[in-house]
Amino acid sequence: MDYKDSLQVIADSIKKAQKFYVLTGAGISTESGIPDFRTPGTGLWKKINPMEYATSNVLKKDPKTFYKVVYSRFASLLYAQPNKAHLILAELEEKGYLKGIITQNIDGLHYKAGSRKVWEVHGHTRTCLCSTCDREYPLKLLSSQVEKEIIPPLCQECGHPLRPNIVLFGDPMSLDYEEACRAVKRGCDFLLVVGSSLTVFPVSQIPSYAKNLAVINIQPTGYDDKAVAVIREKAGKTLTHLLEYF
Ligand code: NAD
């Protein structure tokens, strides 16, 4: 199927669906200047395997390494701005087609773009949490201590270590993840995957719960053969063309 036919199939599937959801990954934010994990040759994660360092174990046992290697790489997320792809998804929700976005991203760009129903299944970088008393604070409380090399940063109330409000490898999944799975299992007619390699477990299971599925991703994914359409192009350009059908 060529590019135009694939767009037509995706547009028709969206129009027919009662419950249309989108699943996004790091690839939707590369056009906002945030590197993903798996595009070959991208800067930030080239020399570092995130599965080795972005773990709850490293955070607990070796917080200095965690903050130097992992947290410093997330700092660029705080100033990033949504791109066309984020904005178009917000518009599809506004127009009444899109019922919710499930995102693996922690950059908060769907909310910044104006989307309202977003499940941030791997958490976000707006706040931090006390690892003991569970109090939630603005991220600034953590980042200002890290800048002063107070590592681990500490909770104002109980004095125990603070942690970013994100799901690290080895952490239990979030409530948003449980809710998103329930929503898709309850009858998602059409799921559009945008910018995800679909390799990170357990989010990689979500597409299998949808009745129909399409993929917009530069590289192949393990779900391409189950999709009604696959477009291997950039998210910004593809969603701009898709919007012309609505
Ligand atoms: P991934 O890096 O495994 O895969 C991203 C995919 O997006 C790749 O297959 C790549 O080909 C594709 N891609 C890159 N740029 C694209 C574009 N402009 N248009 C379309 N496709 C594009 O990402 P993942 O599947 O989300 O898994 C990585 C994990 O890393 C996630 O759990 C996420 O939490 C985390 N992460 C988040 C951010 C962020 O918040 N922006 C950034 C890096 C990693």
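The values are calculated or read from the model by the stated rules, or taken from the named source; none is laboratory data. Predicted model, so just to flag it, every value in this text is computed and none were measured. Every residue, glycine as well, gets a Cβ built from its backbone with ideal geometry; the counts of neighbours run over all protein chains shown. What goes into the accessible areas is simple: the full protein's heavy atoms, side chains included, and nothing from ligands, DNA or RNA. Shrake-Rupley method; radii C 1.70, N 1.55, O 1.52, S 1.80 Å.
Per-residue surface analysis assigns Phe201 an accessible area of about 150 Å², computed on protein heavy atoms at 1.4 Å probe radius.
The alpha-carbon of Lys19 sits under 29 angstrom from the alpha-carbons of these lysines, leaving out residues fewer than 8 places away in its chain: Lys4, Lys84, Lys95, Lys99, Lys112, Lys117, Lys185, Lys211, Lys226, Lys234, Lys237. Looking at the range 50-105, the trypsin sites (Lys or Arg not before Pro) that sit in a DSSP loop and have at most 12 other Cβ atoms within 10 Å of their own Cβ are Lys95.
So what is log10(I(q)/I(0)) for the chain at q = 0.11, 0.17 1/Å, when the Debye sum runs over its Cα atoms only? So the normalised log intensities are -0.58, -1.26. Scanning residues 5 or more positions from Ala229 or on other chains, those with amide H under 5 Å from its amide H are Val215, with H placed 1.01 Å from N in the peptide plane. Counting only heavy atoms of the protein chains and using a 1.4 Å probe, Ser208 has close to 70 Å² of accessible surface.
Comparing Ala75, Ala113, Ala26 in a Gaussian network model of the chain (Cα springs below 10 Å), the most mobile by mean-square fluctuation is Ala75.
In 5 Å bins starting at 0, how do the alpha-carbon pair distances of the range 139-220 split up by percent? Percent of pairs per bin, in order: 3, 12, 16, 16, 13, 10, 9, 10, 8, 3, 0. Sorted from longest to shortest, the spans of the Cα atoms of the range 61-170 along the three principal axes equal 47, 25, 24 Å. For the pair the range 178-232 and the range 59-112, the centres of their Cα atoms are 18 angstrom apart.
Candidates Ser76, Ala113, Gln18 compared by Cα position along the dipole of the range 10-125: farthest toward the positive end lies Ser76, with charges placed on Cβ.
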